[in-house]
Amino acid sequence: MHLFFDEDGRPFLLDSEMRWELELNAFLTRMSIVSGTTRSPKTWRSYAYQLADWLSFCENVGLGWRNVTELNIATYRNILASEASFKQVVRSNAAQSITNCQ
């Protein structure tokens, strides 16, 4: 999945063969244009990156995003949580190293 942004910062997705994904782009369009409740391009960007990450996970494990199960979602959630924990440990260790050097 490839994520792009138009000149106004509105996101859109193309699949791995650079084809337009109707349902996914309808969601992104509704979020950024139609509903009007999400006006910030930073929010559009954040939503789009998170959606693209989820779709990449589905693609990497050979799962069509329309066919996900609760177990697939839990697996993705656990991967995100373990990545966040790892980043927190790295930051903590880096802060401790800086403190020890002073």
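The values are calculated or read from the model by the stated rules, or taken from the named source; none is laboratory data. Predicted, not measured: the structure shown is a model, and the values here were computed from it. Cβ sites come from the backbone with ideal geometry, for glycine too, and all protein chains shown count toward neighbours.
Table for the structure above
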quantity: Residue, surrounded by the most Cβ atoms within 10 Å (Cβ to Cβ), within segment 11-26, restricted to residues that are hydrophobic (A, V, I, L, M, F, W, C) and outside any helix (DSSP H, G or I); calculated: Leu13
quantity: Search result, residues across segment 1-48 that are within 19 Å of Arg66 (Cβ to Cβ) and among the acidic types (Asp, Glu); calculated: Asp15, Glu17, Glu21, Glu23
quantity: Residue check, Phe4 of a type in the set (Phe, Trp, Tyr), part of a strand (DSSP E or B) and touching a helix residue (DSSP H, G or I) at 6+ places or on another chain (Cβ under 8 Å); calculated: no
quantity: Looking only at segment 47-78, and only at residues there that are touching a Ser or Thr at 6+ places or on another chain (Cβ under 9 Å) and within 11 Å of Pro11 (Cα to Cα), the one that is surrounded by the fewest Cβ atoms within 10 Å (Cβ to Cβ); calculated: Tyr47
quantity: Cβ-Cβ under 6 Å pairs, at least 6 apart or on other chains, segment 50-69 side of a type outside the set (S, T, N, Q), far side at pLDDT below 90; calculated: Ala52/Met1; Leu55/Met1
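Each row is one residue, and each column tells you yes or no for (1) modelled with pLDDT under 90; (2) under 14 Å from the mean Cα position of the chain (by Cα); (3) under 17 Å from His2 (Cβ atoms).
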| residue | (1), (2), (3) |
| --- | --- |
| Leu24 | no, yes, yes |
| Ala48 | no, yes, yes |
| Asp53 | no, yes, yes |
| Leu63 | no, no, no |
| Asn67 | no, no, no |
| Arg77 | no, yes, no |
